[in-house]
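As structure tokens, the structure follows; a few thoughts come after it.
Derivation of every value follows stated rules applied to the coordinates shown; laboratory data play no part. Bear in mind that the values here come from a model prediction, so they are computed numbers and not experimental data. Don't worry about glycine lacking a Cβ; one is built from the backbone with ideal geometry, like all the others, and counts go over all protein chains shown.
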Amino acid sequence: MTLYAWARRRSFPALPAAEARLFEVSPVTRVLAHCHWQADRTSHPTIVLLHGLEGSSDAHYMKGIAEKAFVRGFNVIRLNQRNCGGTDRLSEGLYHSGLTSDPAAVLRELTEHDGLGAFVVAGYSLGGNLTLRLAGESGDAPSVDLRAACAVSPTLDLPRCMSALERPSNRIYEWHFMHCLQRRMRLKARLFPHLYDARGLGLIWSVRAFDDRYTAPHHGYRDAADYYYRAAALRVVDEIRVPTLIVTSEDDPFIPVEAFRDPKVTGNPAVTVVITKYGGHCGFVETARDGYDGYWAEQLIVNFAVRQAGGPTAAAHPASAAASAPTTGRSRATKRRRQPGPA
């Protein structure tokens, strides 16, 4: 399902053209967002979307959630991580799995400059880990009006995820990530030669080795192991107090399901976990029908966001049974869905 969902062509006819906007998140860093505004934006809730490793605001799931949320009355912010979406020149630094200061700065600007509130943050994979960390770090006293958080296939326990990624069966995924990371670092070294040295980069073909050389030291971590431990949302998931939805699958190739059964997760009444038998990594697709595209996790996120953030509540498409999953509390839903295409 992972490869099927990545390769499947999609269109988004109900999503209007976006307004590009730069947010200054530090004195040397700007991030690019693509924003879809309701006519009277201050009277509508806002959903901020975070993509995964080496993704961008143009990822199919970013646009899929954006379309579903916009027609339900949300302002939508499709946010690029620093350097992503062709923005390497806008930031001296690198992004990483625990860098919550960037989306937090965007939320503050939207609050203080635009007068927005009733925020929902939703992320996939690395963006899911960021979303959960942001919610956990906010705890009982969020600095903005954060109403809910949603994470799909989040890298909740980074040390376990990295060990799984390094299995021989996952080599195709690690090769893909490393191809993207090598290309990015060569560009960063050309743009900021005083900060980055690309010599020997072509010999690095594991994400762990890349993080040892670049990500960890750049952000003040001792090494990759220190980075993975300290950046993992599992460290703070028990501090989450806003209603939170997590969707993951038992057959995700590099997100071990055991982390989602950790007492820090299952013991938090604010967190609802949906574990499916199938779905792979971010590949939650069922049969499309009657104008519904079959991406049920996206629909579930938007239904959850509507319940928690309030505001306009245009009728949801009735096709996805996943929409009936509980909103908050200790109840846990396990969905087993027939998935089209190859597993």
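General observations
- Relative contact order, whole percent, for the stretch 158-231 stands at 31, derived from Cα pairs under 8 Å and 6 or more residues apart.
- Difference of contour (0.36 nm per residue) and Cα-Cα distance, residue 143 to residue 11: 43.9 nm
- Lys-Lys pairs in the chain that are eight or more residues apart or on separate chains and whose Cα atoms lie under 29 Å of each other come to 8.
- Length released on extending from residue 89 to residue 209, taking residue separation times 0.36 nm less the Cα-Cα span: 40.8 nm
- Per-pair calculated FRET efficiency, R0 = 30 Å: residue 166 and residue 195 via Cβ, rounded to 0.05: 0.60
- Counted residue by residue at 0.36 nm each, then reduced by the alpha carbon distance between them, the extension gain from residue 42 to residue 261 reaches 75.0 nm.
- Residue-averaged [θ]222 nm for the chain, counting only DSSP H segments that reach four residues, each worth -39500 (n - 2.57): -9000 deg cm²/dmol
- (1) 55, 45, 39; (2) 135, 47, 44; (3) 61, 48, 36, with the label sought being that of the calculated Cα extents along the principal axes in Å: (1)
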